[in-house]
Amino acid sequence: MKIWKVLPVVALLLVAACRTAPIYNVESAELGAPPNATMAQVEQAIKTAGAGLGWQMIPNGPGDITGRLMLRSHVAVVDVAYDTKTFSINYEDSTNLKYDADGTIHKNYNSWVKNLQHAIQVQATAIPTS
C-alpha cells in the first residue's frame with residue numbers, strides 16, 4: 001500500500017528532472033568571419049545577432065559583451081568573449097530557469113544559447129570583405 005503513496009512523488013521528480021539539462025556553454029567556436037574582419041565589425045555582428053533574437057547586447061570593452069534575454073518571468077545572462085577568429089558564450093546568471101549549482105538549468109536556456117551561437121556565426125560570415 002505504501003508504494004502507491006510514494007509512486008506519484010517519484011513520478012513528479014522524474015518529470016521535473018526531464019526539464020533540466022547540463023548548461024550549454026560555447027568554448028572558442030569558429031566565428032567564420034573573413035580574415036580581414038576588425039574587432040569593431042565582429043562586435044557589431046554579435047550585437048546584431050543577439051538583437052535579432054531578442055537579446056540585449058551590452059558591450060563591456062574590447063572582446064567582451066554581456067547578453068541578457070528576458071522572456072516573461074525568465075531571464076538569462078551570458079558573457080560573450082570574442083576576437084576576430086573565435087567566440088565563447090558562457091553562463092553568467094539567470095532567474096526562474098531552475099539553475100542548480102551542479103551545472104544544470106532549464107533545457108530552454110540551452111536552445112536560446114544554441115540559437116545565439118548560430119546567429120553570431122551567420123552574422124560574422126556576412127561581414128564584408130574589403
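A short reminder: the numbers here are calculations on the coordinates, not readings from a lab. Keep in mind the model is a prediction, meaning the values are calculated, not measured. For neighbour counting, all protein chains shown are included, and Cβ atoms are generated from backbone atoms with ideal geometry for every residue, glycine included.
Largest GNM mean-square fluctuation across Gly32, Gly67, Gly50, computed for the chain with C-alpha springs under 10 Å, falls on Gly32.
What is the dipole size for the chain, taken about its Cα centre, with +1 at each Lys and Arg Cβ and -1 at each Asp and Glu Cβ, in debye to the nearest 20? It would help to have the intermediate numbers written out before the result.
Values: 10 positive and 10 negative charges, 159 e Å.
That gives a dipole near 760 debye.
Return the distance in nm (one decimal) between the two label points of a simple spin-label model at Ala40 and Asn115, each offset 7 Å from Cα along Cα→Cβ. It works out to 3.1 nm between the two label points. Toward the positive end of the charge dipole of the chain, with +1 on the Cβ of Lys and Arg and -1 on the Cβ of Asp and Glu, the farthest Cα among Gly61, Ser88, Pro22 is that of Pro22. Taking each residue as 0.36 nm, the span from Thr129 to Asn60 lengthens on full extension beyond its C-alpha to C-alpha distance by 22.2 nm. Simple rule: put +1 on each Lys or Arg Cβ and -1 on each Asp or Glu Cβ in the chain, find the dipole, and look at Pro35, Gln123, Val75; the Cα lying farthest toward the positive end is Val75. Label positions at Ser73 and Asp93, each projected 7 Å from the Cα along the C-beta direction, are separated by 1.9 nm.
Rounded to the nearest 500 deg cm²/dmol, what is the calculated helix-only ellipticity per residue at 222 nm for the chain, with -39500 (n - 2.57) per DSSP H run of length n ≥ 4? Kindly include the intermediate steps, with their values, before the conclusion.
Values: 3 runs with 50 residues, N = 130.
For the chain, the value works out to -13000 deg cm²/dmol.
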